[in-house]
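Structure first, then comments.
Just so it is clear, none of the values below were taken in a lab; they were calculated from the coordinates. Predicted model only: the values in this text are computed from it and were never measured. Cβ: placed from backbone, ideal geometry, glycine included. Neighbour counts: every protein chain shown.
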Number of protein chains: 2
Amino acid sequence: MTSPVRLALLGCGTVGGDVVRLLHEQSADLAARIGAPLEIAGIAVRRLGRDRGDLPVDPALFTTDPLGLIKRDDVDVVVEVVGGIEPARGWLVEALRAGKSVVTANKALLAEDGATLHDAAAEGGADLYYEASVAGAIPLLRPLRESLHGDRITRVTGIVNGTTNFILSAMDATGAGFAEALEEATELGYAEADPTADVEGFDAAAKAAILASLAFHTRVTAADVHREGITEVTAADVASAKAMGCTIKLLCIAARGVDAAGGETVNVRVHPAMIPLTHPLARVGDAFNAVFVEADAAGQLMFYGRGAGGAPTASAVLGDVVAVARNRIAGVHAASESAYAGLSVRPMGEALTRYHISLDVADRPGVLAAVAGVFARHEVSIATVRQGPAGGDAELVIVTHVAPDAALAATVRELRGLETVRSVTSVLRVEGDA
Amino acid sequence: MTSPVRLALLGCGTVGGDVVRLLHEQSADLAARIGAPLEIAGIAVRRLGRDRGDLPVDPALFTTDPLGLIKRDDVDVVVEVVGGIEPARGWLVEALRAGKSVVTANKALLAEDGATLHDAAAEGGADLYYEASVAGAIPLLRPLRESLHGDRITRVTGIVNGTTNFILSAMDATGAGFAEALEEATELGYAEADPTADVEGFDAAAKAAILASLAFHTRVTAADVHREGITEVTAADVASAKAMGCTIKLLCIAARGVDAAGGETVNVRVHPAMIPLTHPLARVGDAFNAVFVEADAAGQLMFYGRGAGGAPTASAVLGDVVAVARNRIAGVHAASESAYAGLSVRPMGEALTRYHISLDVADRPGVLAAVAGVFARHEVSIATVRQGPAGGDAELVIVTHVAPDAALAATVRELRGLETVRSVTSVLRVEGDA
């Protein structure tokens, strides 16, 4: 058997600990699959001497000097599970330029500045793998960067944040409001003490950028992603969705479009949206993730599984470790970044979507005509109008056909100013075929 | 750009035609992704001069000499979409031994004698890719043979035959019997004139063998797979499933087990089974396919999409073509067959499963005691007993706990002989957590 492939592990929290455990438990299988044993050369942590439970690893392997560890001659592969932009970026660039392959779960870094990592990988002739950065254990990036390379992906629609999916599933199941559902999620450990990254959609936006880059062979960063969180989703919104045979999910959507000149574009966005219960994504409950891919020839595909947690993320990390270790032994490296298409990333206003709008209106003749006139002025076509249960006032529920988001937003702004509209009680985008 | 990678296409039916079309439509993208253009060197068909519609290809490329085409010096990659054992096996062995990489959709050949192909690939230093052989467009084999290589798969449960899923979905939706639903499937083009391969489970069994081989790093052939089709599933069975909150699917199941000596084993089987509506596979309707994978660290994963049809299958073929073409340019080949585990494949009798049994019994005291005694004698534990709506006679519906299939089958045989049991009206396995 070939000499061992030696790993530097950067970070030893929940995911890092599970990586160490799996390396230990599966060592014979991993060696058989790779053709050489895997060995941990060192583990960089912030503080030595912290209690790490019964981690099956020699305590002498721990170091507080990540750069020193990366530079060691006996380190072949660097596995980064620290997260964040710096100092992770500096470490990984150093490793890649030195020709050491990198496996990382760092979605924030890849979404903010993946280009720097890809360039460093190309420069050093090293592999850069990051399956764990999106949708945890679900094998998703490799299918996008390999399996579907004979096809033309038109749209990716994903539930890629477990925390918000747990909250929205709870709101749907119990009728609870956002605050109450968030509290439950926090108690059960599905939401962090500071849930901002999840509930405001930052985490999903980073993953959307990574997915869009792979699906459309175009560099897309987190800054390109239109982002809305779920903090303003109300129990009334959830009830409206139910009345429509829908549920509300926080979706990341990356879709091809066409600009005014006929050129191909991409739009990438994260926002809550109603989807029909008949859509495969509607059934994705609890903290599960799923990504729905549409391609010209393949049609509709879906990938489903656990998007977070130590063991699922460690599974994805180790899958990548096996791949880069095999490449190392074969003396090859994987296909590098594919960004040849360089499609233009267009702003949210040009995204094509549908709106579901609930209006509290005065109950008198001429109201519908006035409301319909606003839609017509913005060239937004109405699909259905429903008159809600009339109390003293009347409720109008309108679902539009597909239109540019800017036209829909302008319609809503004008509706708010209409004298006969007492309030716009709910505005939600609608995705998925009805 | 590098010189072209040249393909020999064997077969030009539905899938082959779509491969040709996609190669034409996506040629610029494919060339950018590979780093070299793809060219068709020749297309082997049975008869020249057949009308092939508006296929965008030079008619001079057609030949009736597949072996001659394969042997040509200017052929780099062989794409086989003919199917069947011979003459395909001879062609592919010839190609692989000559160092020409092979992309094939031939599930029957891989399941019957994959070993010969893998050995030829190793001998010739060539790639053997076959994503299209299972579950059409769904990227499934690459995740199994790469992404999950850092994990330990415990079970694979799949709906891998679109025809039978269409038939069972129709029976579930309309209450129709098997014959009527088959007729509808035939009319709509979901079933072939001779539906034997689908409805008797041969097609699913071939796919089960391929999945089991990859998931468990063990050579499994179609002959190792216990196979039951859906021809004996009745409208009454479907109604019984509904009453249990279940639906009936034709499942392929490959699961780890343990033999009497404590050694690891594998059991592979195809049969109809009840699964609870809460299981992700229960919602897979129409002719869609889905494969549910359970792994130690990753937990539950599901892959969903179209399992058949020209374009979806061609998408999978071309994804493989891109991979082997890239490997060819890089002068490398992919990891070869992984069969190091060599687990023992155990017979159906040792498979652990649950049974749902409906009995038509005499309505008199002591019946349940007699029936329960039979279960006890075979050490089968009863989970639930339900007394059906009593007509003149009584109906007993029994669901067992998990037990070896042989013990369950022996229990049913003895029940049939019991004086108080008028008939055993339905026996179905139950899969998935209730």
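Distances from A:T2 to itself in the other copies, using label points 7 Å out along the Cα-Cβ axis, amount to 1.9 nm in increasing order. The label point for A:A115 and the one for B:E39, both projected 7 Å from the Cα toward the Cβ, are 3.6 nm apart. Placing +1 on the Cβ of each Lys and Arg and -1 on the Cβ of each Asp and Glu in the range B:351-430, which of B:V430, B:T384, B:A372 has its Cα farthest towards the positive end of the resulting dipole? Farthest along the dipole direction, towards plus: B:V430.
If both residues of a DSSP beta bridge must be in the protein assembly as shown, then about 70% of such bridges are antiparallel.
Test of understanding: in a Gaussian network model of chain B with alpha carbons linked when under 10 Å, which of B:A260, B:A406, B:A297 would top the mean-square fluctuation ranking? Largest GNM mean-square fluctuation: B:A260.
Residues in the range B:298-303 carry Karplus couplings, in order, of 6, x, 8, 10, 9, 10 Hz; the curve used is 6.51 cos²θ - 1.76 cosθ + 1.60 with θ = phi - 60°, and Gly or Pro positions show x.
Straight-distance candidates among the aspartates and glutamates for linking to A:K242, with alpha-carbon spacing under 12 Å and chain neighbours fewer than 8 residues away dropped: A:D172. Placing a label point 7 Å from Cα along the Cα-to-Cβ axis, A:R46 is separated from the same position in the other copies by 6.9 nm, shortest listed first. GNM on chain A, alpha-carbon springs under 10 angstrom: the most fluctuating residue among A:A36, A:A60, A:A222 is A:A60.
Loop-located trypsin sites (Lys or Arg not before Pro) in the range A:1-70 (DSSP state other than H, G, I, E, B) with a sparse environment of at most 13 neighbouring Cβ atoms within 10 Å: A:R46, A:R47, A:R50.
Could you tell me the calculated FRET efficiency between B:T174 and B:R416, based on Cβ-Cβ distance and R0 = 45 angstrom, to the nearest 0.05? Walk me through the intermediate numbers first.
Numbers: r = 31 Å, r/R0 = 0.68.
After rounding to 0.05, the efficiency reads 0.90.
Could you tell me whether the protein assembly as shown comes out rounded, prolate or oblate from its Cα gyration tensor? Rule is a ≥ b ≥ c as square roots of the eigenvalues, rounded for a/c under 1.5, then prolate if a/b exceeds b/c, otherwise oblate. Rounded shape, in that the Cα axes give a/c under 1.5. Against chain A, whose longest principal axis comes from its Cα atoms, helix A:405-417 is set at around 40 degrees.
Rounded to the nearest 20 Debye, what is the dipole magnitude of the protein assembly as shown about its Cα centre when Lys and Arg each give +1 and Asp and Glu each give -1 at the C-beta? Don't skip to the answer; put the middle values down first.
Values: 74 positive and 108 negative charges, 116 e Å.
It works out to roughly 560 debye.
Cross-link reach is defined here as a Cα-Cα straight distance under 18 Å, omitting same-chain residues fewer than 8 places apart; for A:K100 the lysines meeting it are A:K71.
Label points for B:E192 are taken 7 Å from Cα along Cα→Cβ. From this copy to the others they lie 5.4 nm apart, shortest first. What you get for the range A:146-306, charging only the Cβ of Lys and Arg (+1) and of Asp and Glu (-1), is a dipole of about 580 debye around the Cα centre. Rounded to whole numbers, the Karplus 3J(HN,Hα) couplings from phi for the range B:234-248 are 9, 4, 5, 4, 4, 5, 4, 4, 4, 4, 8, x, 10, 9, 9 Hz, using 6.51 cos²θ - 1.76 cosθ + 1.60 with θ = phi - 60°, and x at Gly and Pro. Comparing mean-square fluctuations of B:G16, B:G310, B:G150 from a GNM of chain B with C-alpha springs under 10 Å, the top value falls on B:G150.
Applying the Karplus relation 6.51 cos²θ - 1.76 cosθ + 1.60 with θ = phi - 60° to the range A:348-361 yields 3J(HN,Hα) values of 4, x, 8, 5, 8, 8, 10, 10, 10, 10, 9, 10, 9, 10 Hz, where x marks Gly and Pro.
Can you find, among A:V79, A:P59, A:G35, the residue sitting farthest towards the positive end of the charge dipole of the range A:1-140, where Lys and Arg contribute +1 and Asp and Glu -1 at Cβ? The residue sitting most towards the positive pole is A:P59. Straight Cα distances below 20 angstrom link B:K207 to the lysines B:K107, B:K249, with same-chain residues fewer than 8 positions distant left out.
Relative to the longest principal axis of the Cα atoms of chain A, the long axis of helix A:367-377 lies at roughly 50 degrees.
Proximity of backbone amide H atoms, modeled 1.01 Å from N, is registered between B:L277 and B:C246, B:T247 at under 5 Å, excluding neighbours fewer than 5 places apart on the same chain.
Seen against the Cα atoms of chain A and their longest principal axis, helix A:88-97 is set at about 50 degrees. Over the range A:146-306, one equal point on each Cα, no solvent: what is log10 I(q)/I(0) by the Debye formula at q = 0.12, 0.14, 0.18 Å⁻¹? The calculated log intensity ratios at q = 0.12, 0.14, 0.18 Å⁻¹ are -0.52, -0.70, -1.08. Among chain A residues, the beta-carbon with the smallest distance to the axis carrying A onto B is reported, with distance in whole Å, as A:V332, 2.
Note on the range A:351-430: with charges restricted to the Cβ of Lys and Arg (+1) and Asp and Glu (-1), its dipole about the Cα centre is near 140 debye.
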